[in-house]
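**Student:** First, the structure itself, so that you have it in front of you.
The values are calculated or read from the model by the stated rules, or taken from the named source; none is laboratory data. Predicted model only: the values in this text are computed from it and were never measured. Because the Cβ atoms are built from the backbone with ideal geometry, glycine has one as well, and the counts that use them run over all protein chains shown. With ligands, DNA and RNA removed, areas are computed over all heavy atoms of the protein, side chains included. Shrake-Rupley method; radii C 1.70, N 1.55, O 1.52, S 1.80 Å.
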Amino acid sequence: MSEETLAKAYTPAEVEGKWYQTWEQRGYFHADVNSPKTPYSIVIPPPNVTGILTLGHVLNNTLQDILIRFEKMRGREVCWVPGMDHAGIATQAKVEAFLKKEKNLTRYDLGREKFLEEVWKWKEQYGGKIIQQLRTIGTACDWPRERFTFDEGLSNAVQEVFIRLYNDGLIYKGHRIINWCPKSRTALSDEEVIYRQESGHLWHIKYPYADGTGCVIVATTRPETIMGDTAVAVNPTDERYTGQVGKMLLLPLTDRQIPLIADEYVEKDFGTGAVKITPAHDPNDYEVGLRHNLEMPNIMNDDGTMNAAAGPDFDGLDRNVARRLVVEKLEEQGLLVKTEDYVHQVGYSERGGVPVEPRLSDQWFVKMDVLAKPAIEAVTSGKIKFHPDRWVKTYLHWMENIKDWCISRQLWWGHRIPAFYCEKCGEVVVAKNAPEKCPKCGHEHFRQDEDVLDTWFSSWLWPFSVFDWPKDTPELKHFYPTNTLITGPDIIFFWVARMIMAGLRFMGKIPFEDVYFTSIIRDEKGRKLSKSLNNSPDPLDVVATYGADALRFTIIYIAPMGQDIRYDNKKCEIGRNFANKIWNVVRFRLQHGTAPADWQDLSSLKASELRPDDQWILARLNRITKTMTKDLDEFDFNDASKAIYDFIWNEFCNWYLESAKPALSAPAGTTCATLKVFDYCLGTFLKLLHPIMPFVTDELYHQMGFCGEKDSIMLQPWPQAISDARMQELGATESVEQLNAAKYDLVRAVRNLRANYQLSTSLPLDVVISPASPEAKAFLDLDHDALAALLNAKSLTLGEKPAGPAGVAVSAIGNAFVPLAGLVDFAAETARLQKQQTEAEKYIATLQKKLANKGYVEHAPAAAVEADRAHLAETEDKLARIREQLAAFNS
RNA sequence: GGGCGAUUAGCUCAGUUGGUUAGAGCGCAACGCUUACACCGUUGAUGUCGAGGGUUCGAAUCCCCCAUCGCCCACCA
């Protein structure tokens, strides 16, 4: 293996598929319920069975995967339960469209049973694509535990919950105004209605008094419901109508008379101050209707067309057509006073995409206030934490104003409501199966409720139903409550809030401790990703082009907590280039063979063998180890990605690796302490990076021989920082760290000089360094080779300024002189030094002003003041040396 | 009508208890194929931290107000 060389560039496609298969086959993703380790569990937000992978899923699932891999390395027994949602409306609509296209059939042509067979068939054939797609991004899901919200166990949980809530009086059937989707022909919950601002009209219509004494003018946005009016209401204090309340009005376009009533609900100042009341087609009107005991005629069919009650002229017309016809007729009859342009909010069906119709009907509801109470407490008390925590406010606002949840749907694809009606007396029995006999009349024939349940009625049980609740399974005991939930803030009400309620109600315990709300991904212009805009990149294409690790890293790198992110494919170059960089570190390292078996054992290392750069990188490694651990612990994924990126690219590659080249290519390079330190850092940062970039890190871990073929980086323990005491022993002290950093400043200054003289970086130079102090000299003397390598010096001497013309680079640790026979451009050199002089003077002025401020010296932390004083002294010294050089030029 | 978020370099964004000469990536300019990497290296330029007040010795950071953009919630027909 040591003779093998890696390709010059990393090709993700060659390793990613291989590793995923290996991990899965070896069972690394599978949790042992009997493990003595502390459990850590996550349940996946189940994607719709109709779904395909989007960037949103990539972000969401990458974050979960990072936590799972991190916690596994930290020694926990991790269990990430995957699964899918049967997604009632979405799936039914999809299959209906499919059947229409393929066979020109509607669900009504097939009938309920046949249709459901078709849905299952469709599910087997086309459903669940997303589950396969998830594997391409590396998700460490416990696949043998995959669940479906419509499988037997979960269906059982749904029935159980329905029955329990019914028996507890928290589920009831009610005759109410609900949101109706005329396209899917079903009731919806309030959450499934999306309000959009629309420009429409406010029509002013005359309602003549029956006694011929004039008329009331009513303003409405929905003239087509006029046939459903059963009153006109005004505010009781409205003087315009004093004495008129109680009189009858002729309802236009009909032969009916309706009363003028007074109700507080009406705002005097809006419109004309008079409102037509249509109790069966408006939630507010319904309330008014109840208060005034009004008739509630329903004038629409379930598909949004008008019915016979709307009168022969309108029967069968679509509601929009009816609206135009009503307006036309009113105009003809001279009853239309005016038409005003009017911008208002119109509720649309989330799935159907059509305006919802408020509709009076019999539906099942869950009484929510009782369930909400403990769920509010769980969050306010901090037992459940939200990240970022501002979502708490949103959550509480909704919970404290919660309304009953309409859970029945007039669909076929879903959990059938476990309610049975006696065919004789109508008695309702809520149970898993129809009773033998009616408890009331003894009749033996029952008919099950036709309706199914809202999809979310199964989703809200997910954290425990996946472990086969209500059975008392070992999984349930071991993995519930789960630890972390990662989801989008768009389903905080649909799902998160309801899971908390269900968890507390049925398990008596919160379902998760931490909820992390992900960013919303937008396109480069800030628009939401959507099919219609065609601005939604296919993650599989991205993976094919850049690699899964690249996509994972990039998306984490650009997604700060709680902010929307602007994504475009080009950004994946960040991740791709980073993977390539690491690949090449290993490619470089393998020139010296693979790692020795004891590469992780630093116990034999002595300070005397270490170069300052070795000590410096160990200090930096310790720092990044702590940072990564803390960041992942606190869900600061974005910070973690930036920290490890900077460590590897900047500190390790740009500085350490370059400094190590002479030591490694020396005859003893393969046994030297530097190699040991190199390997230790490399192995450690591969482990630190593994949760974010699982594929390339495992591949390289193996390439390096850091573990055996049969082993994996996934199974390695999470890195621990080296103890402070041991760091002292190794001479990796803070002062060495600082001196070494100052050394790098000097290198930068020389490189700057080189650039100014347009001296190629590949041209070796003679460099003379005059250290600024004996301490600096002692330090620089420790390792000339590394310094020479960083400077690309062909000779390096410590001493006085050489005779003859030379360029000079001034830094805190000393001056560096580069003899430039015949090349020195005095004007340019003077300009460069003057610029440095100005900068130093400016800085000194800033510091002096600060230190002269009594308030600062008295109030600021002592460390800050001290640091400033040190900077001041250092900069003053530097300035003096700059001036000295300037003077030398001008003499 | 309430609530929340955003406004920092040409672009996309970091900046965690107020205290380094305000940072990164991309882009840009100059130089360089130095045997890990051109998916690279070196060097460099660029910011009145949205406007205005206030608190403080000190504000990108805290408070007030305003502006612009975005999201969520809310029954004004």
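**Student:** Any idea what angle helix A:694-703 forms with the longest principal axis of chain A, computed on alpha-carbon atoms, 0 to 90 degrees, nearest 10?
**Tutor:** Helix A:694-703 sits roughly 30 degrees off the main axis of chain A.
**Student:** Rounded to a whole number of µm²/s, how large is the Stokes-Einstein D of segment A:254-393 at 4 °C and 1.567 mPa s, given Rh as the Kirkwood radius over C-alpha pairs?
**Tutor:** 67 µm²/s
**Student:** Okay, moving on. Going through the cross-link list A:121/A:528; A:276/A:329; A:37/A:676; A:37/A:630; A:94/A:121, which pairs have a Cα-Cα distance over 24 Å in this structure?
**Tutor:** Working: A:121/A:528 33 Å; A:276/A:329 18 Å; A:37/A:676 32 Å; A:37/A:630 21 Å; A:94/A:121 13 Å.
The answer is A:121/A:528; A:37/A:676.
**Student:** Run the quick spin-label model on residue A:509 and residue A:132: label points 7 Å from Cα toward the beta carbon, then report their separation in nm to one decimal.
**Tutor:** Here the modelled spin labels are 3.7 nm apart.
**Student:** Also: Just from its helices, what would the mean residue ellipticity at 222 nm be for chain A, if runs of 4 or more DSSP H residues each count -39500 (n - 2.57) and the sum is divided by every residue, rounded to the nearest 500 deg cm²/dmol? Could you put the intermediate results ahead of the total?
**Tutor:** Details: 30 runs with 363 residues, N = 891.
Dividing the helical sum by the residues of chain A leaves -12500 deg cm²/dmol.
**Student:** Taking the solvent-accessible surface of protein heavy atoms with a 1.4 Å probe, what is the per residue accessible area of segment A:596-675 in Å²?
**Tutor:** Numbers: 3170 Å² over 80 residues.
Per-residue value: 40 Å².
**Student:** A follow-up question, please. Return one whole number: the accessible area per residue of segment A:210-313 in Å², for a 1.4 Å probe.
**Tutor:** Numbers: 4590 Å² over 104 residues.
Value returned for segment A:210-313: 44 Å² of accessible area per residue.
**Student:** Give the separation of the Cα centroids, segment A:639-684 to segment A:744-822, in Å.
**Tutor:** Computed from Cα coordinates, the inter-centre distance equals 23 Å.
**Student:** Between beta-carbons, use under 14 Å as the cut-off and find the net charge around residue A:309, counting Lys and Arg +1, Asp and Glu -1.
**Tutor:** Numbers: positive: A:256, A:319, A:359; negative: A:224, A:229, A:255, A:295, A:302, A:313, A:315.
With Lys, Arg at +1 and Asp, Glu at -1, the neighbours total -4.
**Student:** For chain A, what is the relative contact order in percent, using Cα pairs closer than 8 Å and at least 6 residues apart in sequence? Could you put the intermediate results ahead of the total?
**Tutor:** Details: 1519 pairs, mean separation 109.8, N = 891.
That works out to 12 percent.
**Student:** Using alpha carbon centroids, what distance separates segment A:57-93 and segment A:439-471, in Å?
**Tutor:** Cα centroid to Cα centroid, the span is 26 Å.
**Student:** What do you reckon, how do A:857, A:865 stack up by accessible area (1.4 Å probe), largest on top?
**Tutor:** On the way: A:857 55, A:865 5 Å².
Ranked list, largest accessible area first: A:857, A:865.
**Student:** How would A:80, A:398 line up by accessible area, probe 1.4 Å, largest first? Please report the intermediate quantities before stating the final value.
**Tutor:** Numbers: A:80 0, A:398 40 Å².
Sorted by accessible area, descending: A:398, A:80.
**Student:** By DSSP, what percent of the beta bridges with both residues in chain A are antiparallel, rounded to the nearest 5? Mind dumping the intermediate values first?
**Tutor:** Working: 65 of 90 bridges.
Looking only at bridges with both residues in chain A, the antiparallel portion is about 70 percent.
**Student:** Moving on. Counting DSSP beta bridges with both partners in segment A:231-382, what percentage is antiparallel, nearest 5? Let's see the in-between values first.
**Tutor:** Details: 10 of 13 bridges.
Of all bridge pairs located within segment A:231-382, approximately 75 percent are antiparallel.
**Student:** Okay, moving on. With a sphere of radius 13 Å drawn around the Cβ of residue A:641, what net charge do the other residues whose Cβ falls strictly inside it have (Lys, Arg +1; Asp, Glu -1)?
**Tutor:** So the environment of residue A:641 carries a net charge of -2.
**Student:** Report, by chain and number, residues whose modeled amide H sits under 5 Å from the one on residue A:80, excluding near sequence neighbours (fewer than 5 apart, same chain).
**Tutor:** It is A:42, A:142, by chain and number.
**Student:** Keeping all protein chains in position, work out how much accessible area residue A:324 exposes to a 1.4 Å probe, and write it in Å² to the nearest 10.
**Tutor:** The accessible area of residue A:324 comes to roughly 150 Å².
**Student:** Run the Debye formula on the Cα coordinates of segment A:741-799, all scatterers equal and no solvent, and tell me log10 I(q)/I(0) at q = 0.23 1/Å.
**Tutor:** After summing over all Cα pairs, the log10 values are -0.93.
**Student:** At 1.4 Å probe size, put A:109, A:783 in order of accessible surface, largest to smallest.
**Tutor:** Working: A:109 95, A:783 20 Å².
So the residues, ranked largest to smallest area, are A:109, A:783.
**Student:** For a quick check of understanding: with a 1.4 angstrom probe and all protein chains in place, what accessible area in square angstrom does residue A:592 have, to the nearest ten?
**Tutor:** Spelled out: residue A:592, probe radius 1.4 Å, area about 40 Å².
**Student:** Additional query: Accessible area of chain A with a 1.4 Å probe: how many percent of it is carbon plus sulfur? If you can, show how the numbers build up before the last one.
**Tutor:** Numbers: 19110 of 38950 Å².
The C+S portion of the solvent-accessible surface of chain A is 49 percent.
**Student:** Follow-up question, since we're still on this one. Quick one: Karplus J couplings for segment A:763-771, per residue in order, coefficients 6.51, -1.76, 1.60, θ = phi - 60°, nearest Hz, x for Gly and Pro?
**Tutor:** Per residue, the Karplus-derived 3J(HN,Hα) values read 8, x, 10, 8, 10, 10, 10, 9, x Hz.
**Student:** Specify, per residue and in Å³, the volume enclosed by the convex hull of the alpha carbon atoms belonging to chain A.
**Tutor:** Values: hull volume 221.1 nm³, N = 891.
Output value, Cα hull per residue: 248 Å³.
**Student:** Given H placed 1.01 Å from N in the peptide plane, which residues other than close sequence neighbours of residue A:48 have an amide H under 5 Å from its amide H?
**Tutor:** Under 5 Å from the amide H of residue A:48 lie the amide H atoms of A:85, each far enough along the sequence or on another chain.
**Student:** Rolling a 1.4 Å sphere over the protein heavy atoms, what is the accessible area per residue of segment A:4-97, to the nearest Å²?
**Tutor:** 35 Å²
**Student:** Okay, moving on. Computed FRET efficiency, Cβ-Cβ of residue A:209 and residue A:385, R0 60 Å: what is it to the nearest 0.05? Each step should come with its number before you reach the end.
**Tutor:** Working: r = 63 Å, r/R0 = 1.04.
Efficiency computed from Cβ-Cβ geometry: 0.45.
**Student:** Where the centre of each part is set by its Cα atoms, how far does segment A:852-880 sit from segment A:152-198, in angstrom?
**Tutor:** 67 Å
**Student:** Can you find, among A:834, A:719, A:865, the residue farthest towards the positive end of the dipole of chain A? Put +1 on the C-beta of Lys and Arg, -1 on that of Asp and Glu.
**Tutor:** A:834
**Student:** Count the net charge of all other residues whose Cβ sits under 14 Å from the Cβ of residue A:773, scoring Lys and Arg as +1 and Asp and Glu as -1. List each step's numbers first, then the result.
**Tutor:** Numbers: positive: A:743, A:777, A:878, A:881; negative: A:775, A:781, A:874, A:876, A:877.
Net charge around residue A:773: -1.
**Student:** I would also like to ask the following. Can you list, by residue number, the Cys in chain A that have no neighbouring cysteine C-beta under 4.7 Å?
**Tutor:** By the Cβ distance rule, which asks for a partner under 4.7 Å, the isolated cysteines are A:79, A:141, A:181, A:215, A:406, A:572, A:653, A:672, A:681, A:707.
**Student:** So what's the angle, to the nearest 10 degrees on a 0 to 90 scale, between helix A:369-380 and the longest Cα principal axis of chain A?
**Tutor:** Here the helix axis deviates by roughly 10 degrees.
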